[in-house]
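Have a look at the structure below before the remarks.
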Amino acid sequence: MILGRIEGEVRAALRQVDDPELGVSIVDLGLVQSVAIAPGQIDIVLMMTTPTCPIGRLIAETAELAVRQQLGSPWTVRVAVDRAAVWTPERAAPTVRAAFAPRPSRIGRRLKAGLAQLFARA
Amino acid sequence: MAALLAAQLGLILAAVVSLALGVAGGLGRLGMLAGPVPAAGLHGPIMICGFFGTLISLERAVASGAWPALLIPSLSATGAVLLIAGQDEAGAVAFLLAALGLTVLTAASAVRLPAMFTAVMTLGAALWAWGSWQWLAGSSVTEVSYVWLGFLILTIAAERLELSRLARPGAVAHAVLALFLAGFVLALALGQPWTGASAMLSGSLAAIAAWLLRYDIALRTIRGQGTARFAAACLLAGYAWLVAAACCLLLLPPATTVFGHDAAVHAIGTGFVLSMVFAHAPVILPAVTGAPVRYVPALYAPAALLQCAVALRLAADLALAPAWRQGAAILTVTSILLYAGLLLATSFIRPRVRNPA
């Protein structure tokens, strides 16, 4: 139960850390691969949306700072980035996927409607 | 680790020196500086290869996690130094080696992660190598400028493609983009716009801009806040300039109009590419160098000034008004200095919680 509370606090802290390009928290993007809690130590593993992301270290440092500030001493916090992990949009929260889903263009809709009328059966 | 960060910071400073000298070269070409300006005639190579080439190579090298990849931006920075020192051929060789190195690096990423965006990034790097080879082989800077600009356009397109995965463009959308990119590269291979024809180059450029605009997450993040919103604003402005460049290529063909070339290259180089640099610097600089700079709302001011500068430049070219071009150059330099000054100031004023957004 205590571990669950601590993990909750860790994830709450990580929820404050945004991917700066997307303005979405790394938790909602599905970038938090694992959170391991041992006596006095928290190990977090993150992934990036691409293995070639140049800001992985920056996000990891920000995440470490956020968790430290949330939990305070005497916790030791380590955040690593798994460069081999492959992210897919399906890892993101449904609300994030819905927010970024493509919206049909009005022009496309009108073109389709027009074509449907042209080729409609009498 | 500290040594690596120091090396990366050194490369950023080298890129900034290239920017300063490239801008000075541009001012010299407009007759705005007293006395001779070193390498004034090489404003294009210093800006594209020395400044932008070093920045892009450095970002890719850091992303690769392999420190030997830092040789690539070191080569492009060295190329700029050689040009300033009057060693044009040696500088061109250095740029070609940097471009080939970047092509290999991005191709390796594409092999590790086969995806549309890694392929486009590799194609962009290959354009840098192609343009650099042509220049070394005797083509003029003017003749290779659109190939080099293609390197910048495709590199940015690849980065936006990577982020657009959340928008999940389907296979058909990707196929359409591939067609537009093929048209763009074919137009360059046919020698456009210098053959007198520019319709394919213009059309494919406009199509690429329209595709990116349709699927770019910037259309969502513009409604957000902080860094993401600022980046989106700069990006959307940049796309507008890319479309403007396409219009200039069609309506003011560089081969036959007086200022058509100036309008197109500055709409792309200053309007599109420099807007992207403004958009991403608050995130990339700390990531690559550890510099404690960050986004602040005041950055909208130099970003807006930059857009005014580009608008004035294009107006000057349309109206054949050299005095306006000088005004545009002053605005551009002011926007760059203001942006750099504000970023530097943020390193002295720290928030309580450091968050990239």
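Every read-out reported here was derived from the displayed coordinates using simple, explicitly stated rules and does not represent laboratory data. The model shown is predicted, which means the values in this text are computed figures rather than measured ones. Note that each Cβ is placed from the backbone with ideal geometry, even for glycine, and that neighbours are counted across all protein chains shown.
Could you compute the FRET efficiency for B:Val258 and B:Gln134, with r as their C-beta to C-beta distance and R0 at 30 Å, rounded to 0.05?
Numbers: r = 25 Å, r/R0 = 0.82.
Here the calculated transfer efficiency is 0.75.
Within a 10 angstrom radius of the beta carbon, how do B:Cys49, B:Cys308, B:Cys234 rank from fewest other beta carbons to most?
Values: B:Cys49 33, B:Cys308 15, B:Cys234 24.
Arranged by neighbour count, lowest to highest, B:Cys49, B:Cys308, B:Cys234 become B:Cys308, B:Cys234, B:Cys49.
Mind checking the dipole of segment B:1-167: about its Cα centre, +1 per Lys or Arg Cβ, -1 per Asp or Glu Cβ, Debye to the nearest 20?
Values: 5 positive and 6 negative charges, 56 e Å.
I would put it at about 260 debye.
Taking the Cα centre as origin and putting +1 on Lys and Arg beta-carbons and -1 on Asp and Glu beta-carbons, what dipole magnitude results for segment A:2-118, to the nearest 20 debye? Working shown, then result.
Numbers: 14 positive and 11 negative charges, 154 e Å.
In total the dipole reaches around 740 debye.
Take the Cα atoms of segment B:173-349, find their three principal axes, and give me the spread along each one in whole Å, biggest first.
Largest to smallest, the principal-axis extents are 53, 44, 28 Å.
Kirkwood hydrodynamic radius for segment B:1-167: how many Å is it when counted over pairs of different Cα atoms? If you can, show how the numbers build up before the last one.
On the way: mean 1/r = 0.0625 Å⁻¹.
Its Kirkwood hydrodynamic radius stands at 16.0 Å.
Let me know the Kirkwood hydrodynamic radius for segment B:41-118, please, with Cα pairs as the basis and the value in Å to one decimal. Spell out each step's value before the answer.
Values: mean 1/r = 0.0793 Å⁻¹.
Result for segment B:41-118 stands at 12.6 Å.
Treating the Cα atoms of segment B:122-264 as identical point scatterers in vacuum, please give the log10 of the normalised Debye intensity I(q)/I(0) at q = 0.09, 0.11, 0.15 Å⁻¹, two decimals.
-0.29, -0.43, -0.77
Dividing the alpha-carbon radius of gyration of segment A:2-118 by 2.2 N^0.38 Å (N being the number of residues), what value is obtained? Walk me through the numbers before you get to the answer.
Numbers: Rg = 19.1 Å, N = 117, 2.2 N^0.38 = 13.4 Å.
After normalising by residue count via 2.2 N^0.38 Å, the value is 1.42.
Express as a percent, rounded to the nearest 5, the fraction of DSSP beta bridges in the protein assembly as shown (both residues included) that run antiparallel.
Values: 8 of 14 bridges.
Of all bridge pairs located within the protein assembly as shown, approximately 55 percent are antiparallel.
For a quick size check, give me the Cα extents of segment B:155-215 along its three principal axes, largest first, whole Å.
The Cα atoms of segment B:155-215 stretch 40, 21, 16 Å along their principal axes.
What are the semi-axes of the equivalent ellipsoid for chain B, taken as the square roots of 5 times the Cα gyration tensor eigenvalues, largest first, in whole Å? Provide the component values of the computation, followed by the final result.
Details: eigenvalues 141, 119, 104 Å².
Result for chain B: semi-axes of 27, 24, 23 Å.
Pull up the DSSP beta bridges for segment A:2-118 and report the antiparallel fraction as a percent, rounded to 5.
Details: 8 of 14 bridges.
Around 55 percent antiparallel, to the nearest 5.
Step by step: find N for the protein assembly as shown, compute 2.2 N^0.38 Å, then divide the Cα radius of gyration by it. What's the final number? Kindly include the intermediate steps, with their values, before the conclusion.
Working: Rg = 23.1 Å, N = 479, 2.2 N^0.38 = 23.0 Å.
Ratio of Rg to 2.2 N^0.38 Å for the protein assembly as shown: 1.00.
Identify which of A:Ile44, A:Ile55, A:Ile26 has the largest mean-square fluctuation in a Gaussian network model of chain A, with springs joining Cα atoms closer than 10 Å.
A:Ile55
Could you identify which residue out of A:Leu14, A:Leu46, A:Leu22 has the top mean-square fluctuation in a GNM of chain A using Cα springs shorter than 10 Å?
Of the options given, A:Leu22 has the highest mean-square fluctuation.
Which Cα, out of B:Gly41, B:Leu190, B:Met276, lies furthest along the positive dipole direction of chain B (beta carbon charges, K/R +1, D/E -1)?
It is B:Met276.
Neighbouring Cβ atoms within 10 Å as the yardstick, rank B:His261, B:His266, B:His174, B:His280 fewest first.
On the way: B:His261 21, B:His266 27, B:His174 17, B:His280 24.
Starting with the residue having the fewest Cβ neighbours, the order is B:His174, B:His261, B:His280, B:His266.
Taking chain A as a Gaussian network, Cα atoms linked when under 10 Å apart, which of A:Ser73, A:Ser25, A:Ser34 shows the biggest mean-square fluctuation?
Comparing A:Ser73, A:Ser25, A:Ser34 in the GNM, the peak value goes to A:Ser73.
Can you find, among B:Leu102, B:Ala167, B:Gly91, the residue sitting farthest towards the positive end of the charge dipole of segment B:1-167, where Lys and Arg contribute +1 and Asp and Glu -1 at Cβ?
Highest projection toward the positive end goes to B:Ala167.
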